[in-house]
Amino acid sequence: MLFKDVIGQTALKARLAGMARAGRLSHAILMLGPEGAGGLSLALALCQYLICDRVREAGEQAGDDACGQCPSCQRAQKLIHPDIHYSYPVIPKKAGDKPVSTDYITEWREFVRQYPYGNVYDWLQSIGAENKQGNITSQECAEIIHALNLKSFESPTKILVMWMPEYLGNEGNKLLKIIEEPPANTLFILVAVQESLILPTILSRTQLVKVPPLIDEDVAQGLEQRAGLDPGKARLVASISDGDYREALLQLQHADDDWQSLLREWLNAILKNGPVAQVKWVDTVSRLGREKQKQFLRYFNHLLETAIRIGAMEGKEGPLPESERDFALRLNKIAGREQQEAILELLDDAAYHIERNANAKMLFHALSLKLYHIIANKSLILIN
Ligand SMILES: [Zn+2]
């Protein structure tokens, strides 16, 4: 992958290329950033930059991106360069199996090609994990040590990209020695989302590179260029995806209008139409599946935040999509600022429980009742 194919992150790309040129990269770096920010893409672009023949020839005079043409670039692009190794969580192919990452290398190449902004859930589903837990196994650690101790094939540098070191259990301690004193010209690039889940022994041996969430403008531009969205729609979707390009793509699968009418139905059921309509609505939403339920809550969350902003800015809140402004204004009529903030807390809480497999029907029933109390009774006491 070229740096120019990574969405946004302009400053970070230039910094990484600069560090690589000047030989200032530590031999073990940890790219840490939230989902959908592009950590994996950045790591792949950095690999290609380090391995590109033209960049190497140009030395300090090289530009900020790999050439994309030379044989090394071409191999890096297809993830078939013999000096770039990949480790990622995998599952046993059959019971008792001790899987290593290369067992899934074909699937991995396909996944990176199709979903460079996918998360570990997407990856594990794509290899048929269903409810199985992925792992970076102790066999995999042995393979890494073996591969990095071999002489490099084509490039002076050997690189190991480990995606999601959070999935490395205590067996990861096998890698400490090689991370601390790697064979010459060896680079570890770890790409992670959650710092607290990484073995502290590994964490302390890496140079931290923070990957910030994308800015809305970059998400919008990505959507225009890659998904062919018109600028208005791209801006709208970007504004509700929290700098997470994966989330933006998910939002696309479900048109924003649908969320709006689903939300309208819900509020009507709660405030006007009564229990039968509520039961029907809860049935519909409980069939959507976890990912969509989370997206729906996120959309509601976004509208509430917009409503609060409109309330606070008194007409100076800047451009907003028309349908969104209308809806937000209506939210301001049915609930005051404190109530809206109370609802935001409820939505956060609900998303947390959905993530942890709560029963959707019970959850949305309870949520409907609480919303009713907050809005209709205008009482904040009830939610505590
Ligand atoms: Zn090249």
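A single member of SER286, SER196, SER261 is surrounded by fewer than 19 Cβ atoms within 10 Å (Cβ to Cβ), closer than 30 Å to MET19 by Cα and among the small types (Gly, Ala, Ser), and it is SER196.
Would you tally the residues in segment 1-27 being of a type in the set (A, V, I, L, M, F, W, C), closer than 20 Å to ILE84 by Cα and part of a loop (DSSP other than H, G, I, E, B)? Matching residues across segment 1-27 total 4.
From GLU154, GLU130, grab the single residue that is over 29 Å from GLU180 (Cβ atoms) and surrounded by fewer than 20 Cβ atoms within 10 Å (Cβ to Cβ). Every option except GLU130 fails the conditions.
Listed by first and then second residue, the pairs with beta-carbon distance under 8 Å, at least 6 apart or on different chains, first residue in segment 54-71 and in the same structural domain as GLY23 (by TED's automatic domain parsing) and in a helix (DSSP H, G or I), second polar (S, T, N, Q) and near the ligand (Cβ under 10 Å from one of its atoms), are ARG54/GLN69. Just one residue in the set TYR117, TYR86, TYR121 is in a loop (DSSP other than H, G, I, E, B) and hydroxyl-bearing (Ser, Thr, Tyr); that residue is TYR117.
Close contacts from segment 26-49, counting a first residue that is within 16 Å of the ligand (Cβ to nearest atom) and a second that is in a helix (DSSP H, G or I) and among the β-branched types (Val, Ile, Thr), with Cβ to Cβ under 9 Å and a gap of 6+ residues or different chains, come to LEU44/VAL112; GLN48/VAL55; TYR49/VAL55. Here ILE105 meets each of (1) within 11 Å of the ligand (Cβ to nearest atom); (2) under 26 Å from SER138 (Cα atoms) with one exception, condition (1). Selection of segment 63-89 for residues being away from the ligand (no atom under 12 Å from the Cβ), on the phi < 0 side of the Ramachandran plot and of a type outside the set (Gly, Ala, Ser) yields ASP64, LYS78, ILE80, PRO82, ASP83, ILE84, HIS85, TYR86, TYR88, PRO89.
Any residue at all in segment 55-62 that's surrounded by fewer than 19 Cβ atoms within 10 Å (Cβ to Cβ) and away from the ligand (no atom under 16 Å from the Cβ)? Yes, that holds for at least one residue.
I'm trying to understand the selection: among the residues of segment 200-229, which are among the hydrophobic types (A, V, I, L, M, F, W, C) and within 21 Å of the chain's Cα centre (by Cα)?
Passing the criteria: LEU203, LEU208, VAL209, VAL211, LEU214, ILE215, VAL219, ALA220, LEU223, ALA227, LEU229.
For segment 233-251, indicate whether the set of residues that are in the same structural domain as ILE334 (by TED's automatic domain parsing) and over 25 Å from ASN359 (Cα atoms) is non-empty. Reasoning before the result, please.
Here is the first cut: in segment 233-251, the ones in the same structural domain as ILE334 (by TED's automatic domain parsing) are none.
No, the conditions are met nowhere in segment 233-251.
Beta carbons closer than 6 Å, at least 6 apart along the sequence or on distinct chains, pair a first residue in segment 167-184 that is assigned by TED's automatic domain parsing to the domain that holds LEU199 with a second that is in a loop (DSSP other than H, G, I, E, B) for TYR167/PRO89; TYR167/GLY134; GLY172/LEU199; ILE179/ARG205; GLU180/ARG205; PRO182/HIS27.
The values are calculated or read from the model by the stated rules, or taken from the named source; none is laboratory data. Predicted model, so just to flag it, every value in this text is computed and none were measured. Note: ideal-geometry Cβ built from the backbone for every residue, glycine included; neighbour counts use all protein chains shown.
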